[in-house]
Amino acid sequence: MSSLYIGIMSGTSLDGIDLVLVRFGQSPTVKLQPELLESLLCPFPEQLRLQLSQLAQSGPDELELMGLAEQQLALAYADAVKQLLSKAKVTPEQISAIGCHGQTIRHRPYAAFPFTYQIGDMFRLAAETQIRVIADFRRKDMAYGGQGAPLVPAFHQAVFANSSYRAILNIGGIANVTLLQPDHPVRGFDTGPGNGLMDNWIQQQGLGLYDKDGQYAASGAIRQDLLADLLSDPYFQLQGPKSTGREYFNGLWLEQKLQSGKYAAADVQRTLTRFTAQSIKIALANEAIDELFVCGGGAYNQVLMDDLQQLFPKVRLEQTAHLGVKADDVEAMAFAWLAYAYDHKIPGNIPEVTGARKAVVLGAEFSC
């Protein structure tokens, strides 16, 4: 079996498709040292991005919209894989498998019958690329009583753990953290909104898809009354395991917190940036971490990073690039690892993180 795997991640921020080509060691019994060979970001076609955004909330004729978006998404994934192969000068025959997360359109871990749903026709992806696909990673964890999220802590443990108390913070549409404390079980959970609310707000102002470098936030002021109201949500009082998504923290949620016309638009953006940082601080309030390494799109928002450093003045704060993996590549690499773990029968979940009754091998195979 080849040691080359492709990882695909498209997250709740809807900024596009992240892909990586990774070489893993042949023996799963030794400490994992994956080698990142190539990476690529492919923005979503605008129509598909709007469809996926629409599917994050209930609406009319969702089943029809989902079916259409699922096929378009699979074709977008396949086109991105072909671009990655061309860039890396690698053929499909050289790839062992694609590990693909799919696009989450609903995550309901607290429903009467908990469920999570990621779309993307994986059979079509396998057929279009002529590479087998490992996908559907979350539902088996849920079948064993877990929340199906977050799943990246097992990868973080395999790659980033060392002798210090280290936290890995992913700031995508939703933010999640992994706690790597020596001689303790790995823990992790969703801290709350990441970039999602900030992206949604700046898009409403017609100022782009995201706040580049936090420049728009920097033009505003933190409104303490609004910040306190945002932080009053019951989610921030929950203890882990816990997870959330755009179907909860979204534009409608924010509208309920805003009083029409009371706040300047730039002040809202600045407050939302601080809100993300403050919710992370609340989540880690009882953790004496030494280092905080940040990945995901939020790692490039300088205002957000400055807020985090202010809130964690004694903690080393860096992007994961300082650990050898660029902030953009961590999650896609995690799903390449989950495909590798599937092939080598390595459990991909951590019960202390997801709440599952036991550790299990995650994923399902879609052959070409």
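Below, the figures for the structure above:
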| item | result |
| --- | --- |
| Qualifying positions in the stretch 296-315 - out of contact with any Leu (no Cβ under 7 Å at 6 or more places or on another chain), outside any helix (DSSP H, G or I) and open to solvent by less than 70 Å² (accessible area, probe 1.4 Å) | Gly296, Asn301 |
| Residue match in the stretch 215-227 (condition: over 16 Å from Lys257 (Cα atoms) and not small (Gly, Ala, Ser)) | yes |
| Subset of the stretch 52-69 that is under 19 Å from the mean Cα position of the chain (by Cα) and not small (Gly, Ala, Ser) - its residue that is modelled with the highest pLDDT | Leu52 |
| Selected residue [touching a helix residue (DSSP H, G or I) at 6+ places or on another chain (Cβ under 8 Å), within 27 Å of Glu35 (Cα to Cα) and open to solvent by less than 10 Å² (accessible area, probe 1.4 Å)] from Ile202, Ile171, Ile119 | Ile171 |
| Which listed residue, of Gln72, Gln54, is open to solvent by 60 Å² or more (accessible area, probe 1.4 Å), more than 20 Å from Glu128 (Cβ to Cβ), without any contact (Cβ under 8 Å) to a residue 40 or more places away in the chain and not β-branched (Val, Ile, Thr) | Gln54 |
| Residue check for Ala359: within 27 Å of Gly145 (Cβ to Cβ), free of Cβ contacts under 8 Å to residues at least 24 places away in the same chain, more than 18 Å from the chain's Cα centre (by Cα) and surrounded by 16 or more Cβ atoms within 10 Å (Cβ to Cβ) | yes |
| One residue from Glu93, Glu35 being open to solvent by 50 Å² or more (accessible area, probe 1.4 Å) and either at pLDDT below 95 or under 22 Å from the mean Cα position of the chain (by Cα) (or both) | Glu35 |
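Results for (1) modelled with pLDDT of 95 or more; (2) open to solvent by 30 Å² or more (accessible area, probe 1.4 Å); (3) outside any loop (DSSP other than H, G, I, E, B), shown as yes or no for each residue.
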position: Gly206; (1), (2), (3): yes, yes, no
position: Leu209; (1), (2), (3): no, yes, no
position: Asp225; (1), (2), (3): yes, yes, yes
position: Ser243; (1), (2), (3): yes, no, no
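The values are calculated or read from the model by the stated rules, or taken from the named source; none is laboratory data. It should be emphasised that the depicted structure is a prediction, and the values quoted were computed from it without experimental measurement. Here Cβ is always computed from backbone atoms with ideal geometry, including for glycine, and neighbour counts include all displayed protein chains. Protein only, heavy atoms only, side chains kept; ligands, DNA and RNA dropped before computing areas. Shrake-Rupley method; radii C 1.70, N 1.55, O 1.52, S 1.80 Å.
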